[in-house]
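These notes concern the structure reproduced below.
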Amino acid sequence: RLDYDAGRWITFLVGAGDLGWQDGERFSNAGLLHFRQGLLARPWLQPETFEQIDYDRSRLLSFRALLGGGPRFNLLRGPLWHLSVGTAAMFEHEVLDLPAGATHPRESNVMRWSNYVTASAGAGHRIGVVFTVYAQPRFSDLGDARILGDGRLAVQLSGTLSLTQTLNLRYDSRPPDGIRGLDTGWQTGLAVEW
């Protein structure tokens, strides 16, 4: 993740990749690139736009592209904590690698209503917690919804190095054929800040 704060303009880029093999068999193959830019119009209001491309073979996702935008509201902000909510219209294009005879469409273009809550808190500069939850129902069918959650705990090891623990949650009310509706993951990592 790269963040750039130019006063009123706030930009970040997130890249992630996941490849894994066990006993000579690949069990994970995923990648993501997410770009977001916001304008701090008022201390409490930040219109933003975002673009994303990703794939995840474990969920049969060959390709997905997102494009959206809307307001972010900074509700609470202090030196060691913040709480924000956002809402956006989001166009989503998906291509799935489905088996023959699957009932789920192989390709779709839909508009979703993307809503999120994000909060962070820190205990001094040594420990920090960040949590974000997205709810993304389809505009034309609110029963077709996705919920994404990401929680992260960071413990500072030295001036710029932190140990991180991240919990990811993904729920799809209408997953592709053969894919579970709920998926969770846990990651341990190192973060460098400068």
Sorting ARG64, ARG138 on solvent-accessible surface, 1.4 Å probe, most exposed first, gives ARG138, ARG64
Calculate the spin-label point distance for VAL129 paired with ALA6, positioning each point 7 Å from the Cα along the beta-carbon direction, and give it in nanometres. 3.5
If packing is taken as the average number of other Cβ atoms within 10 Å across a peptide's residues, how do 31-41, 173-183 rank, most packed first? 31-41, 173-183
Note the full-extension length gain between LEU163 and LEU39 as 0.36 nm times their separation in residues minus their Cα-Cα distance, in nm to one decimal. 41.6 nm
Extension gain, SER173 back to PHE27 (0.36 nm per residue minus Cα-Cα distance, nm): 50.2 nm
Tell me whether the range 1-124 comes out rounded, prolate or oblate; compute the Cα gyration tensor, take square roots of the eigenvalues as a ≥ b ≥ c, and use a/c under 1.5 as the rounded threshold. prolate
With contacts defined as alpha carbon pairs under 8 Å and 6 or more residues apart, what's the relative contact order of the chain in percent? 11
Pairwise label distance in nanometres, ASP54 with ALA121, each label 7 Å out on the Cα-Cβ vector: 2.6
Suppose every K and R has +1 on its Cβ and every D and E has -1 on its Cβ; what is the size of the dipole of the chain about the Cα centre, in Debye to the nearest 20? 600
In sequence order, calculated HN-Hα J values of the range 28-34 (Karplus, 6.51, -1.76, 1.60; Hz; x Gly/Pro): 8, 6, 8, x, 8, 9, 10
Net lengthening on full extension, VAL95/ASP144 (0.36 nm per residue, minus Cα-Cα): 16.0 nm
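The values are calculated or read from the model by the stated rules, or taken from the named source; none is laboratory data. Computed from a predicted structure; not experimentally measured. Methodologically, a virtual Cβ is constructed for each residue, glycine included, from the backbone with ideal geometry; neighbour enumeration extends over all protein chains shown. What goes into the accessible areas is simple: the full protein's heavy atoms, side chains included, and nothing from ligands, DNA or RNA. Shrake-Rupley method; radii C 1.70, N 1.55, O 1.52, S 1.80 Å.
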